[in-house]
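First up is the structure itself, then whatever we jot down about it.
The values are calculated or read from the model by the stated rules, or taken from the named source; none is laboratory data. Keep in mind that this is a model prediction, so the values were computed, not measured. Reconstructed Cβ throughout: ideal geometry from the backbone, glycine too, with neighbour counts over all protein chains shown. We work out accessible area using only protein heavy atoms, side chains counted, and drop any ligands, DNA or RNA first. Shrake-Rupley method; radii C 1.70, N 1.55, O 1.52, S 1.80 Å.
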Amino acid sequence: MDSLRPPQQMVPQNKSKEDHDEKHGNKSKAVKASPAHSTVALIEEEPEDVDPWNLPELKDTGVPWSALDTKGKVLRVLVSVGKLVLLLGFLYIFICSLDILSSAFQLVGGKTAGDIFQDNSVLSNPLAGLVIGVLVTLLVQSSSTSSSIVVSMVSSGLLTVQLAVPIIMGTNIGTSVTNTLVAMTQAGDRSTFRRAFAGATVHDFFNWLSVLVLLPLEVATGYLYEVTKLVIDSFKIQSGEAPDLLNVITDVLTESIIQLDESVLSGIATGDAEARNKSLVKKWCQTFTNTTLMNVTVPGPENCTSPSLCWVDGNYTFTLKNISETYNVQKCTHLFVDVHLPDLFVGLILLALSLLVLCSCLVLIVKLLNSMLKGQVAAVIKKILNTDFPFPFGWVTGYIAIIVGAGMTFIVQSSSVFTSAITPLVGIGVITIERAYPLSLGSNIGTTTTAILAAMASPGDTLANALQIALVHFLFNISGIILWYPIPFTRVPIRLAKGLGNITATYRWFAAVYIICCFFLFPLLVFSLSLAGWQVLVGVGGPLVVILIIIVVINVLQKRKPGCLPAALRSWDFLPLWAHSLAPWDKVVGVITAKCCCCCKCCQVAADDQEHREKECVENNNKPHREVYDNPAMSAEKEVENEIKIELKILKMTQL
């Protein structure tokens, strides 16, 4: 029975044994056991009386309102209004830069995305379809763009609805990387970064966990496909038009910088050979298409439009066909309309500029929020956002937050914009992660409503398939919410995000490792195995999944019921330290960083030293020689040596 006791219960026995040895004169050397390391908590423990997830008080360091005179009060009001205007301005530029960033990614990799979607043999594998959805959405940084490509392929018959379902799941995951990158800009302060990164990754964990459950369910039963088909068949839905809400305001700026021809991407995805040679940069914003009935030659009578409109003259067969010709009327007015550069170069230019503006706006927004949300203002906002309804209606609060998140996302028409906007608020301590979670879930629903309305604008013959794909996206998010929100015990994404936030607060470099592995390396690995076939995928992926499940189960038992485990498995001490702790890796990263910084400093010092020597050499050459030598021959030799040194230095400089 002693072997089944937790390690902490065996300490008194060891102590009594030491006391017994001392009483009998046995001198034993005390050996302190090294602290156990576990993958459950790869972090430094916080003091028990301090909760790192408590919202900090944003203290008002200024003069109280009651102590101000009339002039001071007027000045404070004007400054507050000016800060609010600046905040709205920076937020507007931030949203516009996200739109331009999406255009830049489409220019850099949009045609590649269309080529990927064309390979139906790969898309027949659900895991490959899921990974393609993730990678393409990362490539174009817009789930709406990748979804529109999928919808166009389904409408044209190149892709069935069943094959498109995993791709839609992948686009849902890919769009959550934006707010994770936004959280990286708050890595300066440890506690702020802890909250911001957890608030961003709670969205990631929700999407990954939903896919982990719903993708096998879809493969086994066709749940999403069957339910959405039942909805489409049951209701007679009339076509409509997707509303333009925030786009009406942002398009004024973004369309003056760049405009893209979305039909080129759809053409590449649908196999149009002419679209491959076209540029994505839109040249003509107004065109006129004229359709006329003309006599044309065809290979044979079977190619005629109808027997009555077909005749043969010698070796030629003629028929009447409608021929459409497009005439360019008005040229676009954006900055790159007359720039004769490849799409790749234009995309790289826009990518660099949009990232610079995006990060600058985000830093300024965070600083403005820190200066505005102080004292009573912060207390009021925190109370409004984080207070629950009184008992017994407290459970309603989260669902109201979901509705608010869906409504705000519907207004801005982008889940990336909304989640990226609330991430800094979580970081500075205005919104708790428990409140940010339902807001993110609502943003997932909000982005699908715009897709549904956009699909309703499709022509009548393709309306059913386009609308079914949009409904699949909607049902996927609703099912995920049902799985991971109603019961507090099932809100696993919050606990996982807090654990990851704790790790990244201690080891900040791990945030970059998480993004690279989770959104790039892991999808590429699964995609590569999928290309090799089901046998390779199951043979390699199966054991890895089993090992991962075993590790998770052991971690949970170590934390909750260590007595159920054998003595050897109650901690991971039997493994090397680098295999179950990030501390050795942190030292490696620290050494590499120190060496890189040292090399940079050494190079800078060497450059400064060389520049200093060159200046001294020039000064010495210009300075008259006042040395007095006893021997004239030695003086001549000294001058010759100096001249040789100068010539050698000049030769070295010319070689560089």
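Numbers below:
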read-out	value
Elements of type helices (runs of 4 or more DSSP H) contained in the range 511-604, each with 3 or more residues being surrounded by 14 or more Cβ atoms within 10 Å (Cβ to Cβ) and either in contact (Cβ under 8 Å) with a residue 24 or more places away in the chain or in contact with a Lys or Arg (Cβ under 6 Å, 6 or more places away or on another chain) (or both)	522-532, 534-560
Residue check for Leu453: at pLDDT 80 or above and either out of contact with any Pro (no Cβ under 8 Å at 6 or more places or on another chain) or of a type outside the set (S, T, N, Q) (or both)	no
Hits in the range 212-225 - residues which are open to solvent by 10 Å² or more (accessible area, probe 1.4 Å) and of a type outside the set (D, E, K, R)	Leu212, Val213, Leu215, Pro216, Leu217, Val219, Ala220, Thr221, Gly222, Tyr223, Tyr225
Whichever residue in the range 428-449 is in a helix (DSSP H, G or I) and hydroxyl-bearing (Ser, Thr, Tyr) and, among such residues, is surrounded by the most Cβ atoms within 10 Å (Cβ to Cβ)	Ser443
Of the criteria (1) of a type outside the set (Ser, Thr, Tyr); (2) at pLDDT 75 or above; (3) surrounded by 11 or more Cβ atoms within 10 Å (Cβ to Cβ); (4) part of a helix (DSSP H, G or I), which one Val252 fails	(3)
Of all residues making up the range 181-209, the number that are farther than 14 Å from Tyr437 by Cα and crowded, with 22+ Cβ neighbours inside 10 Å	4
Cβ-Cβ under 6 Å pairs, at least 6 apart or on other chains, the range 254-265 side of a type in the set (S, T, N, Q), far side not in a helix (DSSP H, G or I)	Ser256/His334; Gln259/Lys282; Gln259/Cys332; Gln259/His334
Count of residues meeting criterion [part of a loop (DSSP other than H, G, I, E, B) and of a type in the set (S, T, N, Q)] in the range 165-193	4
